[in-house]
């Protein structure tokens, strides 16, 4: 078993300098800790709670920044796409195309993403059961692209609340063969919970991340920011950058124990 | 108060002849019963459970059929749109543009739909609370289009199950001022419940529709088909066409009583 | 079909005079409106949110009051029981023994209640599916007592929230043959929603009650009080007594229409 | 930090010999592994799904067996109680009195249990939020008994399904100061999921137990049986006894790592 991979970065790209600063800071940590790192950031927040929420720098301004991060740091980069037409240009530069949870059943988007040949990371819809992801993944693999990652990020549980059912991790792994990534910061979102914006429970991020690693996920996704309370989006659930190292150290120790077992899900034999 | 309006038709457009046949049959019933009618059908099923599910005739073939239905029958037509670029051409012909539930927070789609000036019918996401719709509706009205309808179609309730919380009807009406339409056939869907396709509880359609009318909805949306079990999609929850008249007669009687009250929600004074 | 029956009264018995006053006031209304009436009140609130909440007058003080209400007004009375040992003494006087929702699977309580020969009104647990009630009802009927009423009062939906799934009404009626009563005031509870006590949405009571009557319930249960905000329990969801008549008038009209149909659930044929 | 404590045994007491055999077998394992052990078994299954389900040997026959297990093995014993009147006699012998989840808000039962002076282990109701347990625990501690354990066993999630929200562990620990025990076998129950009985997902027990240990629970509760498929109750979710040692070894390793951290929930500072 490989150690877990980290997907991290600020929710939204703010500027070229901010992107270089944050990606470099994370890279230094993951190099020290000896784990893989994919830099994540969004060029557009296409489904904000309200119209007045900030959107992002846009595709055209973002692509050169992604290219620069890749070249300077030698790390793969990830971003989310929202429309078919974005797939090809984004796929020219970006290594991992992420399908947002609300869009995970949009067939055309999945096919266009698949056709880039890049790794496709699909976030499980809040409205789906773990076993529903088999059909979602097939839309990509049957389009000729076997490189799929699934992201668990919680299921709708009453109003303005998500709950993570960790049984989904072995279920989706068994059903699809795809590596399962746990999105530790969106799983603690309280969608729409602050009226015009979404709330979040930042203090619960390590709790759920520890559970995910113990269950055997292949990677952790976590949004992080030097100053979350000033971030243009998702501040309430992002990890402050200065806490990232301690957060990861703990997870790495648990991961080592969890993956030392031959049969992680031995009851499933 | 006006009597309730019916939005009905087969889930997917199958052919020109089928569309004319079904729309004419429904028009005859609604004329007899004296209620308004908007013909609904989809040109593309963009978020089917699996890749092997049928999609539809496509935009180009559908628009002339919509135009013919409008002209021959004098009824408004409704269809759903999935990408920004579809809004303008569909808006040339179709009277009501429907935003699918999964896409109800996609800002660009809502703005592009708003800009057609047509009526925008937004399906409430299965992952949203009733009070979350205020921000969704504002994305359209703040874009200069005040003509919004909201559709209730159930909320995620555990796995592969939807539940309709009828408190949402007065809540959304109060918060937005928009008429609330109850989608009686998708509310009984069992998403993903049959593995590769969605299941449904057709026998529960009249139960939920009666409740909705008693609560004071402005309209009922119901998919109907001459032979649901042979339909390319949503067969398990569509109403057989020969039962539509009796279904509506009952609802009209309840609607008359429900709307005779001056203060439908008198506790909310 | 019979018109719907009303089960009503204050949540907790406060005193003999209060009980006579409230039961007489309700009786006058239901006599005027021509519907049946069962007087409900509790002698003990055995599962309050916290230890400091008021409990009630107790069994010994309550039984003579129940007897007096029955004799003076000629109305049947209902109360809830919490332990096996209460069934026999309560059954000497009270016509309908109500099983609290949390206790609906306690086999010994159901059997002891059944053995009184009285009508047993079972509240569906917030943690049960409609089809689970078949086994619950059998515990009473297989103990030799066929007189069972089922009460729908909402299902757990995330935290501190209940949702009513009206599909449960025909489902439970079909599965058990028992009349289904809708508890209009507990269905709008927000359990534990105020920290030390439960909250409630009184303004939603008529909305859900209208839905229930349209769906064809056999009766409505509603707690009512001359001054809910001063009541010892359940104030946030009880109906103010002066609004009861208008509330019922509206439901009676809907009930007449709903039950005029031969086949209330015709899709279920 | 102490290593985690194991609460284990067969769901229902079957006979004196069976109890001695199983408790001895578990004791041998926990002695080898160096963890604490409390023997659990029920003398009565008071809330079975249906009347025809087996109940148990009863209180009078069970108490001497509990006493013998304690004396021979030197292990504390745990059983659940369902009525006030059982508390005193059970408290004479049994070390830990367990309050069933459905009964966790029954004030009289909690007080009577508290008055035994024994450790009171309260299962969180499937219908409660983590923060609701504060009031539940206070019913015991305000009755003069500070010895409370809380058990997490999942929350209602749609119909016939439970989901475990691991955020509840630090939330309840913070709110109450009580040790949190994770019930690894009831958390995978599918209540009522087999019609007349409850189903279960035995293969998911280690998955959820690993998550719980990583999150820092004080103990694990797990029902186990030499031959679960022949057990009178809860067969579908009990752990086969021959797999118990491997199950525990893995958890112990994770527990050591999880508890090595000074600040288990450092974000909550």
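Read-outs: derived from the displayed coordinates by stated rules, not from any lab. Note that the coordinates shown come from a computational prediction; the quantities given were computed from them, not determined experimentally. Glycine gets a Cβ as well: all are built from the backbone with ideal geometry, and neighbour counts include every protein chain shown.
How crowded by other chains is B:43-52, given as the mean number of beta carbons from other chains within 10 Å of each beta carbon? Let's see the in-between values first.
Working: counts 0, 2, 1, 5, 9, 4, 7, 9, 11, 4.
The mean count of partner-chain Cβ atoms within 10 Å per residue comes to 5.
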Antiparallel %, DSSP beta bridges [both residues in the protein assembly as shown], to 5: 10 percent
Calculated label separations, residue C:92, copies of the chain, 7 Å along the beta-carbon direction, nm: 3.0, 8.5, 9.0
37 °C / 0.692 mPa s Stokes-Einstein diffusion coefficient of segment A:22-93, Kirkwood radius on C-alpha pairs, µm²/s: 244 µm²/s
Calculated on alpha-carbon atoms, Rg and Dmax of the protein assembly as shown in Å: 29.6, 90
Compactness of segment D:100-147, expressed as Rg and Dmax over alpha-carbon positions, Å: 9.9, 27
Spin-label model distance (nm) - residue D:20 vs residue B:21, 7 Å beyond Cα toward Cβ: 7.9 nm
Ascending list, in nanometres, of distances separating the residue A:246 label from those of the other copies (7 Å, Cα toward Cβ): 3.8, 5.9, 6.9
For residue D:25, label point 7 Å along C-beta direction: distances to other copies, nm: 5.5, 6.3, 6.5
Beta bridges by DSSP in chain C, antiparallel share as percent, to the nearest 5: 10 percent
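Per the helix-only calculation at 222 nm, which mean residue ellipticity applies to chain A, given -39500 (n - 2.57) for every DSSP H run of n ≥ 4 and division by its residues, nearest 500 deg cm²/dmol?
Numbers: 8 runs with 97 residues, N = 269.
Calculated mean residue ellipticity at 222 nm is -11000 deg cm²/dmol.
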Between segment A:56-133 and segment C:64-119, the Cα center-to-center distance that results, in Å: 62 Å
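From the square roots a ≥ b ≥ c of the eigenvalues of the alpha-carbon gyration tensor of segment C:1-49, which class results: rounded (a/c under 1.5), prolate (a/b over b/c), or oblate? Write down the numbers at each step before the final one.
Working: a/c = 4.15, a/b = 1.62, b/c = 2.56.
Because a/c hits 1.5 or more and a/b fails to exceed b/c, segment C:1-49 counts as oblate.
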Two-decimal Rg/Rh across segment A:132-202, once Rg and the Kirkwood Rh are taken from alpha-carbon atoms: 1.07
Cα-projected label distance for residue A:229 with residue B:229, points at 7 Å along beta-carbon direction, nm: 6.4 nm
Square roots of 5 times each gyration tensor eigenvalue, C-alpha, segment C:96-241, largest first, Å: 26, 16, 15
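Per the Kirkwood definition applied to all pairs of different Cα atoms, how many angstroms is the hydrodynamic radius of chain A?
On the way: mean 1/r = 0.0541 Å⁻¹.
Computed over chain A, the radius equals 18.5 Å.
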Burial ranking of peptide ranges D:41-54, C:174-187 (average Cβ count within 10 Å, highest at the top): C:174-187, D:41-54
Percentage relative contact order, chain C, counting C-alpha pairs under 8 Å, at least six apart: 17 percent
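Take each of the peptides A:85-96, D:149-160, average the number of other beta-carbon atoms within 10 Å over its residues, and list them starting from the highest.
Numbers: A:85-96: 18.1, D:149-160: 24.3.
Descending mean neighbour count gives D:149-160, A:85-96.
Determine the equivalent ellipsoid of segment B:165-225 by diagonalising the alpha-carbon gyration tensor, then write out the semi-axes as square roots of 5 times the eigenvalues, largest first, rounded to whole Å.
Working: eigenvalues 118, 31, 19 Å².
Taking √(5λ) for each eigenvalue gives 24, 13, 10 Å, largest first.
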Point-to-point label distance, residue B:85-residue C:259, nm (Cα→Cβ direction, 7 Å offset): 5.9 nm
Solution diffusion estimate, µm²/s, Stokes-Einstein, segment B:29-70, Kirkwood Rh from C-alpha pairs, 37 °C, viscosity 0.692 mPa s: 263 µm²/s
Peptide A:185-198, shielding by other chains (average Cβ, 10 Å cutoff): 2
Descending principal axes extents, segment D:33-153, alpha-carbon based, whole Å: 39, 38, 32
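Per residue of D:176-184, what is the mean number of Cβ atoms on other protein chains within 10 angstrom of that residue's Cβ? Don't skip to the end; give the middle numbers.
Values: counts 0, 0, 0, 0, 0, 0, 0, 0, 0.
Mean inter-chain Cβ contacts per residue within 10 Å come to 0.
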Antiparallel %, DSSP beta bridges [both residues in segment C:119-269], to 5: 25 percent
Axis-nearest residue in chain B [Cβ, rotation onto D], distance in whole Å: B:158, 1
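Taking Cα pairs under 8 Å and at least six residues apart, what relative contact order does segment C:1-62 come out at, in percent? Before the final figure, lay out the partial values.
Values: 69 pairs, mean separation 25.2, N = 62.
RCO, segment C:1-62: 41 percent.
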Spatial separation of Cα centroids for segment B:209-226 and segment D:163-217, in angstrom: 40 Å
Ellipsoid semi-axes in whole angstrom, largest first, where each is sqrt(5λ) of the Cα gyration tensor of segment A:191-246: 22, 15, 8
